[in-house]
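A quick write-up on the structure given underneath.
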Amino acid sequence: MKTITFLVAASLLLSIEASAQWATRTDTSIARTRDGKPDLSAAPPKASDGKPDLSGVWMSELDPNALPKGATTVESITGFVPPRHFVDITSGMKPEDVQMTPWAADLLKKRQENPVDDPSARCVPVGVPGIAVVPLPYKIIQTPKLIVILYEGDTDFRQIFLDNRKPVQDAQPRWMGYSTGRWEGDTLVVDTVGFNDKSWLDRRGHPHSEALHLTERYRRRDVGNLEIEVTIDDPKAYVKPLKYTMKATLVPDEDLLEYFCTENEKDVQHLQ
């Protein structure tokens, strides 16, 4: 309990920054109410090709139930609690739905015994899918053949190709993997492979191997709400795929600011 709480607190402290990044500018692409405020419950906008437009600045939903019972340290330090799946991707799952292989179970135990090894606490990339639930905004830029996601955290980025390309065989493993997408009706389906095995799936330390196949299903329910159904298929780590849904809300009329975890960072020297 204490180790998880400490680890989440350390990760969040490395990510918190001041707001008021850019002067507010009205986003003319989203619907407005009569008083000029964004109508977040309106129908989602359409892109030039008729597909749902996922573009915008998004922030993963914070969840008051994200932390284990009694773990109040993070909230007292940071002023808020993190997104549920930032802490634990298995939150809300039944025990029979989380069946780990002996290799993965042993590695998870070692990480929980020594949580200071968490890459995110050392300013190392969080990786996919975890980067989407870091409590910092990210921006989706959509074109017919390419979607780019810009993450404020460490000013990282991700490309999702919609031009039917295939990942190169035996490509160098990456933190973010290699992503290709396709539309199934109003849902964007993204397949990502080619990961290294260095990132943690959450702050509890759930592992994955280089065999990870990540499937994400993006659905913009309305102007203000984005759902991402995540399927983690990694037979080396899990007996059967794990599935959960991340939720994000639109941050209207705002934009990103560059941010680097290493800037003025003074904590790593103590994480020994």
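The values are calculated or read from the model by the stated rules, or taken from the named source; none is laboratory data. Not measured: the values here are computed from a predicted model. Neighbour counts are summed over all protein chains in view; Cβ atoms, including those assigned to glycine, are modelled from backbone coordinates with ideal geometry.
Considering every residue within region 85-103, establish whether at least one is more than 15 Å from K243 (Cα to Cα) and without any contact (Cβ under 8 Å) to a residue 12 or more places away in the chain. Yes, some residue in region 85-103 is more than 15 Å from K243 (Cα to Cα) and without any contact (Cβ under 8 Å) to a residue 12 or more places away in the chain.
Within the option set E216, E210, being under 28 Å from W103 (Cβ atoms), of a type in the set (D, E), crowded, with 16+ Cβ neighbours inside 10 Å and modelled with pLDDT of 95 or more holds for one residue only, E216. When Y178, Y244 are screened for being touching a residue at least 60 places away in the same chain (Cβ under 8 Å), within 26 Å of V57 (Cα to Cα) and buried (at least 18 other Cβ atoms within 10 Å of the Cβ), only Y244 passes.
If a residue has to be out of contact with any Leu (no Cβ under 8 Å at 6 or more places or on another chain) and either in a helix (DSSP H, G or I) or of a type in the set (S, T, Y) (or both) to count, how many in region 79-112 make the cut?
18
Filtering region 35-54 to residues that are assigned to a strand (DSSP E or B) and exposed (fewer than 15 other Cβ atoms within 10 Å of the Cβ) leaves only K46. Taking the conditions (1) surrounded by 15 or more Cβ atoms within 10 Å (Cβ to Cβ); (2) without any contact (Cβ under 8 Å) to a residue 60 or more places away in the chain in turn, D163 satisfies each one other than (1). Entry remark, region 154-176: residues being touching a strand residue (DSSP E or B) at 6+ places or on another chain (Cβ under 6 Å) and of a type in the set (A, V, I, L, M, F, W, C) number 5 in total. For the condition surrounded by fewer than 17 Cβ atoms within 10 Å (Cβ to Cβ) and among the aliphatic types (A, V, I, L, M), L257 qualifies.
Output the residues belonging to region 60-78 that are part of a helix (DSSP H, G or I) and either modelled with pLDDT of 90 or more or of a type in the set (D, E, K, R) (or both).
Of everything in region 60-78, just one residue is part of a helix (DSSP H, G or I) and either modelled with pLDDT of 90 or more or of a type in the set (D, E, K, R) (or both), namely E75.
Of (1) in contact with a strand residue (DSSP E or B) (Cβ under 8 Å, 6 or more places away or on another chain); (2) surrounded by fewer than 21 Cβ atoms within 10 Å (Cβ to Cβ), Y151 satisfies all except one. Which? Only one criterion is unmet by Y151, namely (2).
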